[in-house]
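Following: one structure in structure tokens, then a few remarks.
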There are 2 protein chains.
Amino acid sequence: MTEKTFRVEGMSCGHCEMSVQEELEELDGVKSAKADHVEGTVVVAYEEGRVTGEQFRAAVEEAGYELVF
Amino acid sequence: MTEKTFRVEGMSCGHCEMSVQEELEELDGVKSAKADHVEGTVVVAYEEGRVTGEQFRAAVEEAGYELVF
């Protein structure tokens, strides 16, 4: 299991955190996601090789926010 | 139908608006609620006599925010 922290722009509250987490956790290979709107981050635990950075980016965008690499 | 604008403290995004609207619209006598996190307001359309200010306050609090009279 790999754990990585990404920057997410645009989250302003706990609802935003939930939206980001839910979209990321729907991805195959993602075990968990914990977002923090104050820090503007999401920590994702995932299986290397089963999910790509592009999928992370698309999931965060689906939630309505922007993942910044 | 009566329409009144209340101040709501603590909303920071569209998710917050949705939470407030949903709780208010669950009240008997409330026809619609439209929240605005930028203005910090919610406009409620309701039938006078079927719902009280205390019920509005409780619904907004249930959503996690504060209605200021």
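FYI, it's all coordinate maths here, none of it is from the lab. The model shown is predicted, which means the values in this text are computed figures rather than measured ones. Cβ coordinates were reconstructed from backbone atoms using ideal geometry, including for glycine residues, and neighbour counts include every protein chain displayed.
In the set (1) touching a strand residue (DSSP E or B) at 6+ places or on another chain (Cβ under 8 Å); (2) surrounded by 14 or more Cβ atoms within 10 Å (Cβ to Cβ); (3) without any contact (Cβ under 8 Å) to a residue 60 or more places away in the chain, B:LEU67 fails one condition alone, (3). The residue that is nearest to the chain's Cα centre (by Cα), among those in segment B:10-25 that are within 13 Å of another protein chain (Cβ to nearest Cβ) and touching a residue at least 40 places away in the same chain (Cβ under 8 Å), is B:VAL20. Scanning segment A:26-40 for residues that are under 16 Å from A:GLU62 (Cα atoms), surrounded by fewer than 16 Cβ atoms within 10 Å (Cβ to Cβ) and under 11 Å from the mean Cα position of the chain (by Cα) yields one hit, A:GLU26.
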